[in-house]
Every structure is written in C-alpha cells, then in structure tokens.
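For reference, the structure discussed in these notes is given below.
The values are calculated or read from the model by the stated rules, or taken from the named source; none is laboratory data. In this text, all values refer to a predicted model and were calculated from it rather than measured experimentally. Note that we place each Cβ from the backbone using ideal geometry, even for glycine, and neighbour counts take in every protein chain shown. Each accessible area value is taken on the protein alone, full model and side chains, heavy atoms only, with ligands, DNA and RNA left out. Shrake-Rupley method; radii C 1.70, N 1.55, O 1.52, S 1.80 Å.
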Amino acid sequence: MKTALITGSARGIGRAIAIRLAKDGYHVIIHGTSVSENALKVKKIIEENGGSAQIMACDLTDIEKVKAFCKELPPVDALVLNASLQYRTPWQEISVEACYEQLNCNYVASLLLIQATVPHMKEAGWGRIVTIGSVQEAKPHPDMLIYSASKAAQTNMMQSLSLQLADSGITVNNVAPGVIYTDRNMQALADAAYAEKVRNSIPVGFYGEPEDCAGIVSLLCSQEGRYITGQSIYVDGGKGIQ
C-alpha cells in the first residue's frame, strides 16, 4: 500500500483530498498543527469507509519543528502540499513576523518536505508531488500580498523540480483552486454585498466545493497521471482567465 501525506488535511480542501486518496487505496497521513477533533473526525471517516489513516501534527510556521517532523515521517509516495496561511492585511501594514509566518508555512516547509520525501520516491522509481496553489497566482488579492506571492513562488519551485525529477518516475504538479466554500472563506462570504461581487467574478457563477479539487489531485496521484508533470491546473470556474 502506498502512503500519501496531505498537509493541512484536518479541514477544507485538504480534508476532501485525504478522504479521496484513502478511497483510491492510499494509506493517508492526516496533518494538522495538532491532533485536533477535526483530524480525528477525518481519520474516523476514512476508517469507516475501509481506508487506512494516521495523524501526524506539526506547526509548519516553525522551521525547526518542520525539520524534526521530516525525520519522523515514514516513506511517502505521494506528497500533497495543501497547508497554507492567508492573512488579509493592506500591503503597507504587513509586519515582518506575519511575512515570515506565511512564507515559512506556504513555501519553506514545502521545500523541506519535498527534500525529505523525494529520496524514497527516487528509490522506488515512482512518486507524486502536488502543490496546492491559488487563483491568486493569476489574480492576486490586494490585501493578501504575501499569500499570493508565496503561492506563485511555490508554483515556480514545482516547475523547476518537475524537470529535475522527470527521469525518476516522479511527477510534480500544481492545482490552483479559485473561490472554494471552506471555513476559511465563510466569514468573508457571509457579507451579502461582497459575496455577490465575488460570485459575479466567477464565469460559471458559483463557488466551488472542496471535493471539486479532490478529483484532479486523485488523477495526478494515480498511475493514470503518469504523463502529466510541470503543470499548473486551475480549478476556479474560469476566474483565472476572466
């Protein structure tokens, strides 16, 4: 049985991906900053559906903790880098601390996890790496400067690594969600005027659900996805090209 690590998988998009990959036959490592009630619920859902899962916790903003976490990992065959921090702040008010927190979680931790998991993938001659980006790579939100920049940097890293790892049986791709109705977005979308503005900016006319992102990740992490690498695939209802 192959093993998949999905960071930030106690809720939202990561949760949907974890449940889907477990259905695909992966042993799933559910990740969160702690062994939370949400993480335990995901594990229960997976196991009730006949899947296999475990929970591993790490604060990805703390690089020393990330290094220790990497040493504790079992061999990973599919790495889905979903966890991220997103602070809404006017650019001139961004603190250095907030900048580092987002960059550490959204970019540096991704690099360290790739460095830790690729040796096993190379030895096995098979591996899958999927970064979860954002439509903000194409349309950056004015109050999320560091978030959108970090996602663009992660995708650039994906493209570079896809070429360097292509002859090792390892594919590296990015999935860029648009407006997905998760708990992260619920508060902002509770404002009726703002919600209408956002909805009108989406060509298909509705928000996505976390499960809308899980299908493409499932393909990219399968044998059927073996000929797809170095790609950034937008799951955004057309928002990125409007």
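Here's the yes/no breakdown for (1) outside any loop (DSSP other than H, G, I, E, B); (2) among the β-branched types (Val, Ile, Thr); (3) exposed (fewer than 14 other Cβ atoms within 10 Å of the Cβ):
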| site | (1), (2), (3) |
| --- | --- |
| Met56 | yes, no, no |
| Lys65 | yes, no, no |
| Phe69 | yes, no, no |
| Pro75 | no, no, yes |
| Arg88 | no, no, yes |
| Gln92 | yes, no, yes |
| Tyr100 | yes, no, no |
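May I ask you to list pairs of residues, at least six apart or on different chains, whose Cβ atoms are under 6 Å apart, with the first in the range 86-108 being more than 13 Å from Asp62 (Cα to Cα) and the second being open to solvent by less than 50 Å² (accessible area, probe 1.4 Å) and small (Gly, Ala, Ser)?
Tyr87/Ala98
Could you run through the range 193-231 and say how many residues are open to solvent by 20 Å² or more (accessible area, probe 1.4 Å), under 20 Å from Ala18 (Cβ atoms) and β-branched (Val, Ile, Thr)?
Residues meeting the conditions: 1.
What are the residues in the range 150-192 that are open to solvent by less than 70 Å² (accessible area, probe 1.4 Å), small (Gly, Ala, Ser) and modelled with pLDDT under 95, if any?
Scanning the range 150-192 gives Gly178, Ala188.
Could you tell me whether the range 12-27 includes any residue that is β-branched (Val, Ile, Thr), modelled with pLDDT of 95 or more and over 23 Å from Val172 (Cα atoms)?
no
Which residue pairs have Cβ atoms closer than 9 Å, lie 6 or more positions apart in sequence or on different chains, and pair a first residue in the range 178-193 that is in contact (Cβ under 8 Å) with a residue 60 or more places away in the chain and closer than 11 Å to Pro210 by Cβ with a second residue that is open to solvent by 80 Å² or more (accessible area, probe 1.4 Å) and part of a loop (DSSP other than H, G, I, E, B)?
Filtered contacts from the range 178-193: Ile180/Glu209; Thr182/Arg11; Thr182/Glu209; Asp183/Arg11; Arg184/Arg11.
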